[in-house]
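Here the structure comes first, spelled out in structure tokens, and everything after it is commentary.
Please treat every number below as a calculation from the coordinates, not as lab data. Keep in mind that this is a model prediction, so the values were computed, not measured. Every residue, glycine among them, receives a Cβ derived from its backbone with ideal geometry; neighbour counts consider all protein chains shown.
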Amino acid sequence: MLGVIHGDIKPENVLIFSENNGHYVAKVMDFGYSTLFATDSDPITMPYSELWTAPEQHHRGILPIQARKMDAYSFGMLCLWLLFYNKGANRDRNFEKDLEDSQKELSNHTSELLRATADLENREKDNMQKVFRSTLAQDPAERTANFNEPLQLLSPHRSVQLLYLKRGTNERLEPCI
């Protein structure tokens, strides 16, 4: 069974579409740095995209579980940017500067941003805080490697499923995470 590590999750690699029902769908693209692995002991080399890369990033080979946690961190950063730095009055915020100022206290930073927003209901704020805690933990041991958890928190009323296909076919595989 194969697993997929994207390796370069950032705004430039995600297209967001509005559906007719008002929901949004995100589609990941640019799999140039992605890696297929067959076992959890296959070493992987991850790229470095400043701002979006996990703090433990280095250019040596890492295990797939570590790479999945690094992808989760990049996903959390993408969510942070989409919610608080990419729209309306928030466009004037300096994402890079805010990150430099709060990198060690990223959890506190996301909590403050969530408290200050009027765009989300309390339940949604709670879910987003759980997403940020599980994806943006500075310590990789505290970070999720399972994308289903944050995706379910982001869309609790939608069926969210990661789809894995057997290489070169349309045959579905069971998710390995």
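Can you name the residue in the stretch 82-138 that is of a type in the set (A, V, I, L, M, F, W, C) and exposed (fewer than 10 other Cβ atoms within 10 Å of the Cβ) and is also nearest to residue 55 (Cα to Cα) among such residues?
So the first thing to find is which residues in the stretch 82-138 are of a type in the set (A, V, I, L, M, F, W, C), and the list is 82-84, 89, 95, 99, 106, 113-114, 116, 118, 120, 128, 131-132, 136-137.
Those still in the list that are exposed (fewer than 10 other Cβ atoms within 10 Å of the Cβ) too: 89, 116, 118.
Working: 89: 29, 116: 26, 118: 30 Å.
Per the stated criteria, the residue is 116.
Report, ordered by the first and then the second residue, all pairs with beta carbons closer than 7 Å, sequence separation of six or more or different chains, a first member in the stretch 45-69 that is within 24 Å of residue 102 (Cα to Cα), and a second member that is among the acidic types (Asp, Glu) and in a loop (DSSP other than H, G, I, E, B).
Within 7 Å, the pairs are 47/8; 49/8.
Step by step: first the residues of the stretch 16-34, then only those that are out of contact with any helix residue (DSSP H, G or I) (no Cβ under 7 Å at 6 or more places or on another chain) and part of a strand (DSSP E or B), then the one that is surrounded by the most Cβ atoms within 10 Å (Cβ to Cβ). Which residue is that?
Only one residue fits best here, namely 26.
Going through 119, 126, 92, 98 one at a time, which residue ends up being touching a His at 6+ places or on another chain (Cβ under 8 Å) and charged (D, E, K, R)? Outline the logic, then answer.
Working: 119 fails: touching a His at 6+ places or on another chain (Cβ under 8 Å); 126 fails: touching a His at 6+ places or on another chain (Cβ under 8 Å); 92 fails: touching a His at 6+ places or on another chain (Cβ under 8 Å).
98 is the lone residue from the list that is touching a His at 6+ places or on another chain (Cβ under 8 Å) and charged (D, E, K, R).
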